[in-house]
Amino acid sequence: MSLPTRDNPYNFDAFLEWRKNVDYYRDDLFLQKTIRHFAGSDWEIVDNEAKKISPKVSYRWRDMAEAISYPEKRPYIVHYDAHGHRIDRIVRPKETEIMEKEVFKEAIFSDKTPRWVRLVKMYLIYENGEACIACPLTCTEGLVALLEKYADTPELLHILRHCKEGIDGDFGIGAQYLSEIHGGSDVPANLLEAVHEGDTWRLYGTKFFCSATHADYAVVTAKPKGSEKVALFVVPSWLPGNKEKEIRNGYTIDRLKWKMGTDELTTAEITFNGAVAYPVGPLDRGVANVVGIVLTYSRLTVGLSDAAFMTRAAREAKKYSEFREAFGMKIGDFPMVVAQIRDLERYAKRSTAAAFKIYRRFLDMGAELKGGLVTDEPDEVRRMRFDLRELIMLQKITASWDCVDVIRQAMSIFGGHGVIEDFSTLPRLYRDAAVNELWEGPRNVLLAQIHRDLKRVSGWYSARDFVNSILKGSNNTLVKELAEEMSEIVDYPDLFHMDEKTIDICRRWDSLCHRLFHAYQDVALEDVESEIHLEGELGKAAGLVK
């Protein structure tokens, strides 16, 4: 019975106390098992390093990420100083600057940091959302990978050292400016002009989506004057000695974007007016190196960060369902809610397992995708490299799509509280996830690319063989079904002829790719869970587990 009282004793303290004390790593047994399964011999050092960083991520950086998410803390730009000098100063909250310095001082991209340690640290950091950290991290990772391959001048070697190992305790931060006003994913259509003036390359023109605008360096695509080929350049934000003077390197930040998500991260429109730029790699291989190196790391990050977002959303929704009472019982005791929570947990676990499995493939292939569809390697290696290329794109479109759905469902577990910005982190993660879905190639672009790739290799690698290869260990009936449909659709001439049949094929292709990657995720999840089950059985046999 519920009688009226003006002194309602209800509060959320028990749930809030739990949430305040969650350790992202120590309290996530599934993540620990996943790492141990895929990291192999690196497991022990990864486990130790994860335990060191987790309290920072789970408490100090979590609180900073929450503090900077309020509208009044949104970054802004000051174009001129008091004396009329153009400075384009990005003003960010003090908490952002402190957190960024602390995160980058982890030396995540240093030669001293094992790859698996890097991955796990980034996963844990991403549980806090964008927070003006996720994008700069992956952009710096792509910049480092690019320079490790091509740095051959004093300037580029200095930038590489600054970003990898730091200089006097300060770590360089990277960005990437690829998109122009006429289109983002269509990099070959870039019009930004690179001019060789004496011994110096300079850039002229505009870029329209420039995230991490506060960074020290940016990877920029541009076409050398008179050429139709895209080249890659690294552009320092300030030339030596000018950062303190607030004199930017020959470019202006015209305005900051007003975005739906990733509010803490500045995204800007930039005009280059002769910015000094350092060419990286062959001038006619810019697109190949963007896709093979820079975008590869960014797309891997989308899969990893989406898994991290889903993990946090599922964890908090489950705990809230165990706390909240309605209609005389815990909402977690309603079968409908139980079914929803189980779905959230499954999506989070399958996405995490697949992200780690793909990363292991990535490391096995030398931590690089070669531009184009490689033809100068043994057939087995070509197929493995092709599998990885397509899996990274499939993960990007599937995990980013699922993440939005998972967080939306998690918010619904909270009822009306789920959309209250200062009650829960989920609304912020939801907006960040929506941006992830568009970043580094929207769904339609990547779906068309995957279809084009499979047609181009059909002479030496059939669609049927591709499905069988990536779904080893899956249900035979499901594999056969997916392989047959994929073979049929890949045989279709193209996805660009405007008629009803092609439109229907496009719908089927969209659905098929989604189901295909879910099947891959399920195999990865079964790999991890079978090891957990086996460990439990062995423990029972040894008398260690009751």
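Laboratory data are not the source of any read-out in this text; all were calculated from the coordinates shown. Since this is a predicted model, take the numbers as computed values, not measurements. Glycine also receives a Cβ, built like all others from the backbone with ideal geometry; neighbour counts cover every protein chain displayed.
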Helix-only [θ]222 nm of the chain, DSSP H runs n ≥ 4, -39500 (n - 2.57) each, per residue, nearest 500: -17000 deg cm²/dmol
Only residues of segment 162-195 count here: report those whose backbone N is under 16 Å from the spot 7 Å along Cα→Cβ of ASP111, or say none. 162-167
Rounded to two decimals, the Rg over Rh value of segment 403-530 from Cα coordinates and the Kirkwood Rh reads 1.07
ASP510 paired with LYS259, simple spin-label distance in nm, labels 7 Å along Cα-to-beta-carbon: 2.4
Principal axes first, then extents: for the Cα atoms of segment 14-76, list largest minus smallest coordinate on each axis, whole Å, largest first. 47, 34, 16
Relative contact order computed over the chain (Cα-Cα under 8 Å; 6+ residues apart), in percent: 12
How much length is gained if the chain between ASP494 and GLU44 is pulled fully straight, taking 0.36 nm per residue apart and subtracting their Cα-Cα distance, in nm to one decimal? 157.1 nm
Which part of segment 203-239 falls in the paramagnetic zone of ARG161, meaning amide N under 18 Å from the point 7 Å along Cα-to-beta-carbon? 217, 236, 239
Over 27 Å (Cα to Cα) - which of LYS121/LYS319; LYS94/LYS357; LYS257/LYS318; LYS52/LYS357 fall in this group: LYS94/LYS357; LYS257/LYS318
Pairs of alpha carbons in segment 13-164 whose separation is greater than 24 Å (percent): 46
Tensor-based shape of segment 257-359 (alpha-carbon gyration tensor, a/c under 1.5 rounded, otherwise prolate or oblate): oblate
P(r) for the chain, please, calculated from all Cα pair distances in 10 Å bins and given in %. 3, 17, 27, 26, 17, 7, 2, 0, 0
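When the expected Rg is taken as 2.2 N^0.38 Å, what fraction or multiple of it is the alpha-carbon Rg of segment 89-189?
1.16
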Enumerate the residues in segment 130-173 having an amide nitrogen under 18 Å from the point lying 7 Å beyond the Cα of ASN242 toward its Cβ. 155-156, 158-159, 173
Could you tell me whether segment 174-284 comes out rounded, prolate or oblate from its Cα gyration tensor? Rule is a ≥ b ≥ c as square roots of the eigenvalues, rounded for a/c under 1.5, then prolate if a/b exceeds b/c, otherwise oblate. oblate
